[in-house]
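The values are calculated or read from the model by the stated rules, or taken from the named source; none is laboratory data. For clarity, every value in this text was computed on a predicted model and none was experimentally measured. Backbone-built Cβ (ideal geometry, glycine too); neighbour counts: all protein chains shown. Remember, those area values only see protein heavy atoms, side chains included, never the ligands or the DNA or RNA. Shrake-Rupley method; radii C 1.70, N 1.55, O 1.52, S 1.80 Å.
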Amino acid sequence: MKRLSMKALLGGVLLTSALVSCGQGSPAPDLGGLPPLATGITVRFDAAPADTYLTLSTEGGEVVYQKAVGEGARSFTPDLNDWRNLSSRAAPIKLSSGVTTEALLFLKWGMFQDKNKSGKPDDGEWLDRMTHDRVAYAEKAVKVEFDTETPPMHHLWTLNQGWSRAEHYVYRPLGSGTFQRLSRSTALWDFWLHPATPLTSM
């Protein structure tokens, strides 16, 4: 019995040593003294054509992150640490209800095919790939409700403090002319890019 326990103990020590040595092989990115965040993000899409880039843009359309995607690829695993310093761009948002939120930042995924090899998205190069889900940063946890007129929609934002995937969900109750739209933080970092759909779609 003692031999079996010793064997199991030694096996556990060896496994721990192997895990530690694997982690030491990857240098951490320079984050200005900040410790790296856990990642595990996956972005999925239809097969990418040649010379394609995956991007994150602000709601105003400024590209703040881009990575080359291999031809034929159907997914990419970016690293949250590549853009975590963008949290400094978070700012309060004044909603239609008159309420002002805590400092927030929403980033949206996109893809472009660099046909002219300029290294940036030019007119006619954006691919029809999008998701209503967002990469979100909240300075403090947020829970806010408000209404918009066009389309008539009741919004509920429930966002965790820090970085998260803001999942989009929308529906219209039977017999109602008002859509219900949820934007909520989720621990699952999977994003699915698809052809453009209206805001009132899932």
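Residues that are closer than 20 Å to R129 by Cα, assigned to a strand (DSSP E or B) and of a type in the set (A, V, I, L, M, F, W, C) within region 156-193 comprise A166, V170, F191, W192, listed in sequence order. If you take the residues in region 50-84 that are touching a Leu at 6+ places or on another chain (Cβ under 7 Å) and part of a helix (DSSP H, G or I), which one is nearest to W192 (Cα to Cα)? Out of the qualifying residues, it is L80.
Note on region 131-142: residues that are part of a strand (DSSP E or B) and open to solvent by less than 40 Å² (accessible area, probe 1.4 Å) amount to 4. Listed conditions (1) open to solvent by 70 Å² or more (accessible area, probe 1.4 Å); (2) out of contact with any Ser or Thr (no Cβ under 8 Å at 6 or more places or on another chain); (3) not acidic (D, E) are all met by T197, apart from (1).
Within region 78-91, track down each residue that is touching a strand residue (DSSP E or B) at 6+ places or on another chain (Cβ under 7 Å), at pLDDT 95 or above and open to solvent by 40 Å² or more (accessible area, probe 1.4 Å). Of everything in region 78-91, those that are touching a strand residue (DSSP E or B) at 6+ places or on another chain (Cβ under 7 Å), at pLDDT 95 or above and open to solvent by 40 Å² or more (accessible area, probe 1.4 Å) turn out to be R89, A91. Restricting attention to region 114-130 and to residues that are part of a loop (DSSP other than H, G, I, E, B) and in contact with a Phe, Trp or Tyr (Cβ under 7 Å, 6 or more places away or on another chain), the residue that is nearest to R165 (Cα to Cα) turns out to be R129. Within region 67-91, the set of residues being in contact (Cβ under 8 Å) with a residue 40 or more places away in the chain and over 21 Å from S185 (Cα atoms) comprises just one member, V69. Among the residues of region 143-155, those identified as open to solvent by less than 70 Å² (accessible area, probe 1.4 Å) and in a strand (DSSP E or B) are V144, F146, T148, M153, H154, H155. Could you please let me know if T101 is surrounded by 19 or more Cβ atoms within 10 Å (Cβ to Cβ), more than 16 Å from the chain's Cα centre (by Cα) and not hydrophobic (A, V, I, L, M, F, W, C)? Here the answer is yes, as T101 does meet what is asked. Take the conditions (1) at pLDDT 95 or above; (2) of a type in the set (S, T, N, Q); (3) part of a loop (DSSP other than H, G, I, E, B); S26 misses just one of them, which is (1).
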